[in-house]
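Colleague: One structure, as structure tokens, below. Some questions next.
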Amino acid sequence: MTAAVLNADLHCHSSLSDGTLEPEALAARAAANGVELWSLTDHDVLDGQRRARDAAAALGLRYVTGVEISVSFVGTTVHIVGLGFDVDNQALAAGLTATRGGRHERALGMAQGLAQVGIRDTFEGALRYAGNPDLIARTHFARHLVDRGICSDTHEVFRKYLVPGKPGYVPHQWASLGQAVRWIREAGGVGVIAHPARYKLTPNEEYALFSEFKAHGGLGVEVVTGSHTAAEAVRYADTAREFELLASRGSDFHSPEESRADLGSLPPLPAGLTPVWSMLA
Ligand code: AMP
Ligand code: MN
Ligand code: MN
Ligand code: MN
């Protein structure tokens, strides 16, 4: 499975976190789009893993276990994708339970912040969008506000209400970088820095992220993702070479209506990189 041109899609979300499709529908969509190696990487939760694996097996689609862990790093939120771990590992499960633990309180705080600018009753509204009440996310608030006609799309909701400095933003303490990388590694998986271009880090902070990630045993970085432009893919291909990291590729697909990149639709990895799937069974 080392071919660099393999149509691998190792990042997407189901309705068990903040996607809109069930794992079975995602598997069918991945197969229809020509994906050859697939992973479902829901935020902080493994509830969809068996369903995804079984649905993929029924379609003859190769599957690797996945998760996207929320991490607090120098005051910002960073996402670490884990791939190819043992889904029954107890320490990973306990770590994820702790990481998602504060989401309910945080969502209440978000609703309070929105109420202060006159947008009431958003907790109940957002919860209706959450397929998994344990995993209420900003995305669910965004869909609810679009549904109410307050904004025309979810990106506008984030920009106006849900990012730092805006009324619906509540700072939150997620896992530490070291914890997330260790949970993945000790469960036999590969840790990958998700969509690095998305973080608002200074060059020094970004250097620290990559160095510390490696020191903790992290092995990969997303180079081609639905969250990167072509120029950003080129830039992080360089970073992957500089830090000797494996390169990953994933659409970060959430929904047919909202996502920029569909499953399996991204360009291949730039030349001269070692794909993360060379490490995955
Ligand atoms: P949370 O884990 O609750 O903080 O929600 C984070 C999720 O919000 C991400 O995984 C994305 O799916 C979504 N998100 C973050 N920023 C934006 C944005 N600017 N536009 C649309 N969705 C976003
Ligand atoms: Mn998401
Ligand atoms: Mn992410
Ligand atoms: Mn994601």
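The values are calculated or read from the model by the stated rules, or taken from the named source; none is laboratory data. Everything numeric in this text was worked out from a predicted model, so none of it was measured. Backbone-built Cβ (ideal geometry, glycine too); neighbour counts: all protein chains shown. Heads up: the accessible areas ignore ligands, DNA and RNA and are worked out on the full protein's heavy atoms, side chains in. Shrake-Rupley method; radii C 1.70, N 1.55, O 1.52, S 1.80 Å.
Colleague: With the Cα gyration tensor of the range 153-281 giving a ≥ b ≥ c as the square roots of its eigenvalues, does the rule (a/c under 1.5 for rounded; else a/b larger than b/c for prolate; else oblate) give rounded, prolate or oblate?
Modeller: Oblate.
Colleague: Helix-derived [θ] at 222 nm for the chain: sum -39500 (n - 2.57) over DSSP H runs of at least 4, divide by residue count, nearest 500? Could you put the intermediate results ahead of the total?
Modeller: Details: 10 runs with 103 residues, N = 281.
Using -39500 (n - 2.57) per qualifying helix, the result is -11000 deg cm²/dmol.
Colleague: Using a ≥ b ≥ c from the Cα gyration tensor of the range 64-109 (square roots of the eigenvalues), is it rounded, prolate or oblate, where a/c under 1.5 gives rounded and otherwise the larger of a/b and b/c decides, a/b for prolate?
Modeller: Working: a/c = 2.54, a/b = 1.53, b/c = 1.66.
Taking the square roots of the gyration eigenvalues as a ≥ b ≥ c, the range 64-109 is oblate.
Colleague: Under the Karplus relation 6.51 cos²θ - 1.76 cosθ + 1.60, θ = phi - 60°, what is the ordered set of whole-Hz ³J(HN,Hα) values for the range 125-131, x standing for Gly and Pro?
Modeller: For the range 125-131, the Karplus curve yields x, 5, 4, 4, 8, 7, x Hz.
Colleague: For the chain, what are Rg and Dmax over the alpha carbons, in angstrom?
Modeller: Every Cα atom of the chain included, Rg and Dmax give 17.9, 54 Å.
Colleague: Amide H of Ser259: which non-local residues (sequence gap of 5 or more, or other chain) have their own amide H closer than 5 Å, using H built in the peptide plane?
Modeller: His254
Colleague: Run the accessible area of the chain with a 1.4 Å probe and give the carbon-and-sulfur part as a rounded percent. Working shown, then result.
Modeller: Working: 6010 of 11760 Å².
That fraction is 51 percent.
Colleague: What does the charge count around Val224 come to, taking other residues whose C-beta lies under 11 Å from its C-beta (Lys +1, Arg +1, Asp -1, Glu -1)?
Modeller: On the way: positive: Arg249; negative: Asp9, Glu222, Glu232, Asp252.
Taking every Cβ under 11 Å from that of Val224, the sum is -3.
Colleague: Can I ask one more? Using Cα-Cα distances under 8 Å and only pairs 6 or more residues apart, what relative contact order does the range 1-63 have, in percent?
Modeller: Details: 94 pairs, mean separation 23.0, N = 63.
Taking the mean separation of contacting Cα pairs over the length of the range 1-63, I get 36 percent.
Colleague: On to the next question. Per-residue HN-Hα couplings for the range 132-146, Karplus 6.51 cos²θ - 1.76 cosθ + 1.60 at θ = phi - 60°, whole Hz, x for Gly and Pro?
Modeller: 10, x, 6, 10, 5, 10, 4, 3, 5, 5, 4, 5, 5, 5, 5
Colleague: Distance between Cα centroids, the range 52-126 to the range 220-257: provide it in whole Å.
Modeller: Centre-to-centre (Cα) distance: 20 Å.
Colleague: Under a GNM of the chain (C-alpha, springs under 10 Å), which listed residue has the highest mean-square fluctuation: Ser176, Ser39, Ser248?
Modeller: Ranking Ser176, Ser39, Ser248 by mean-square fluctuation puts Ser176 first.
Colleague: State whether the range 103-161 is rounded, prolate or oblate according to the following rule on the C-alpha gyration tensor (a ≥ b ≥ c being the square roots of its eigenvalues): a/c under 1.5 gives rounded; otherwise a/b larger than b/c gives prolate, and the remaining case gives oblate. Numbers along the way, then the final one.
Modeller: Values: a/c = 1.71, a/b = 1.23, b/c = 1.39.
Note, shape of the range 103-161 comes out oblate.
Colleague: Whose amide H sits under 5 Å from the amide H of Gly218, counting only residues 5 or more places off or on another chain, with H placed in the peptide plane?
Modeller: Close amide H contacts, sequence-distant or interchain: none at all.
Colleague: Three principal axis extents, largest first, for the C-alpha atoms of the range 35-149, in Å?
Modeller: For the range 35-149, the Cα spread along each principal axis is 50, 32, 21 Å.
Colleague: Taking the Cβ of Gly149 as the center, what net charge do the other residues with Cβ under 15 Å away carry, scoring Lys and Arg +1 and Asp and Glu -1?
Modeller: Here the charged neighbours net out to 0.
Colleague: While we're looking at this one, here's another question. Nearest-5 percent of antiparallel DSSP beta bridges in the chain? Can you show the working numbers first?
Modeller: Details: 12 of 27 bridges.
Counting only bridges with both partners in the chain, antiparallel ones make up about 45 percent.
Colleague: If you don't mind, another one. Using a 1.4 Å probe and counting only protein heavy atoms, arrange Met110, Met279 so the residue with the most accessible area comes first. Walk me through the numbers before you get to the answer.
Modeller: Details: Met110 5, Met279 100 Å².
Largest to smallest exposure gives the sequence Met279, Met110.
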